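Notes follow the structure.
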Amino acid sequence: MRVGIPRALLYYRYGKFWERYLTELGAEVVVTRKTDKVLLQKGLEYVSSEVCLPVKILAGHIADLKGRVEAVFLPRVVWLEDHLYACPKMIGIVDIARMMLGKDVKLIAPVIKGGFVLPYLAAGLSITPNPFPVVRAFSRASRELNTRTAVPEYEPGEKRVALIGHFYNLGDDYIGRSITSTFTSNGYRVCLKDELPEAVLRSRKGFARNIRWVYERELYNAFRYLADKVDGVCVVVSMGCGPDSLVAEFMREEACRRNIPFLQLVLDEHTGVAGLVTRIEAFVELAERRKAVPQAS
Ligand code: SF4
């Protein structure tokens with residue numbers, strides 16, 4: 001069976017696992033190409049202009065698979081441990097995918113509510129009915145899941161910025177590359193949320209326990225962890241994203257209180273690279289001036 005995987009949204013967290021799992025099951029896996037303008041334009045034809053950029057991009061990748069595959073693999077994460085929910089748009093895009101693909105393309109969409117082992121095994125059985133290869137494929141593919149337990153080490157004296165954004169924004173070069181490269185070309189080490197272990201990202205300590213969206217809690221915890229290890233914080237959010245805008249506001253307030261340089265970049269399909277670069281360079285200059293002049297406490 002030829003199975004397509006859209007290279008967007010949750011792909012940037014679980015994609016390697018999905019690819020390995022499906023390949024081990026004997027499927028011919030087709031992963032869409034990296035995001036480009038054409039894919040984004042395709043996505044805009046299928047979803048409302050009100051939705052966030054990563055969902056528009058995902059719609060483009062799904063559209064690109066039509067006519068090329070027999071099935072599309074698109075898990076629906078509803079909630080993970082501790083009843084931490086994915087956002088409604090992330091949950092709902094699977095229904096849009098079903099409409100987009102029509103009757104001729106099968107949608108394999110394991111529904112994750114808490115544990116993911118059983119839903120993935122059931123999805124595997126829809127590809128091959130024999131449970132033994134399914135269990136073996138799952139066990140082999142699980143090695144591709146991130147099991148990071150150690151925190152990164154930071155060199156004394158280096159300039160560092162915390163780049164706080166969703167893995168599907170910063171992992172997608174079309175969205176994130178100009179942001180990361182502008183910081184690195186200005187001599188900054190970019191500290192990313194996804195370099196931190198899950199124990200840090202999912203922590204329930206302090207204010208984080210009030211955040212019930214799983215990936216937003218990760219953003220906030222990464223901010224808390226990195227804030228006193230960096231020269232500034234840059235938060236990347238998507239236009240039209242309610243959870244992002246709320247959590248970013250908490251981060252902004254806290255950064256302001258602790259006198260940490262803070263930049264918020266809001267992205268949509270109209271965001272130009274030149275504008276992003278200008279804003280980041282202005283922020284870098286400000287952060288360096290602040291560092292040169294010790295602030296009164
Ligand atoms: S959390 Fe925000 S950016 Fe992510 S899918 Fe939901 S609305 Fe979009």
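Each reported figure results from applying straightforward, stated rules to the coordinates on display, with no laboratory input. As the structure is a computational prediction, the values presented were derived from the model and not from experiment. Ideal geometry is used to build each Cβ from the backbone, glycine not excepted, and the neighbour counts take in all protein chains shown.
Structural remarks
- For residue 159, the amide hydrogen comes within under 5 Å of the amide hydrogens of 189, counting only partners 5 or more places away or on other chains and with H modelled in the peptide plane.
- Each of 61, 270 has some number of other Cβ atoms within 10 Å of its Cβ, and from fewest to most they run 270, 61.
- Principal-axis tilt of helix 173-185 within the chain, Cα atoms, nearest 10 degrees: 30
- For the range 100-109, Karplus couplings with θ = phi - 60° (6.51, -1.76, 1.60), whole Hz, Gly/Pro x: 5, 7, x, 7, 6, 10, 6, 9, 9, 10
- Distance between modelled label sites at residue 203 and residue 181, nm, 7 Å Cα→Cβ extension: 3.4
- Restriction of the trypsin sites (Lys or Arg not before Pro) in the range 127-157 to DSSP coil positions whose beta-carbon has at most 16 other beta-carbons within 10 angstrom yields 148.
- Bridge type composition, the chain - antiparallel percent by DSSP, nearest 5: 10
- Flagged links, alpha-carbon separation over 30 Å, of 34/106; 113/159; 159/205; 56/205; 37/89: 113/159; 56/205
- Counting neighbouring beta carbons within 10 Å and listing from fewest to most, the residues 193, 205 come out as 205, 193.
- Annotation: the residues 89, 56, 34, sorted from fewest to most other C-beta atoms within 10 Å of their own C-beta, follow the order 34, 89, 56.
- Neighbour net charge for residue 259 - beta-carbon separation under 14 angstrom, K R +1, D E -1: +2
- Stokes-Einstein translational diffusion, the chain - Kirkwood Rh over all Cα pairs, 1.567 mPa s, 4 °C, in µm²/s: 64
- Of interest is the spacing of the C-alpha centroids, which for the range 95-168 and the range 220-297 amounts to 29 Å.
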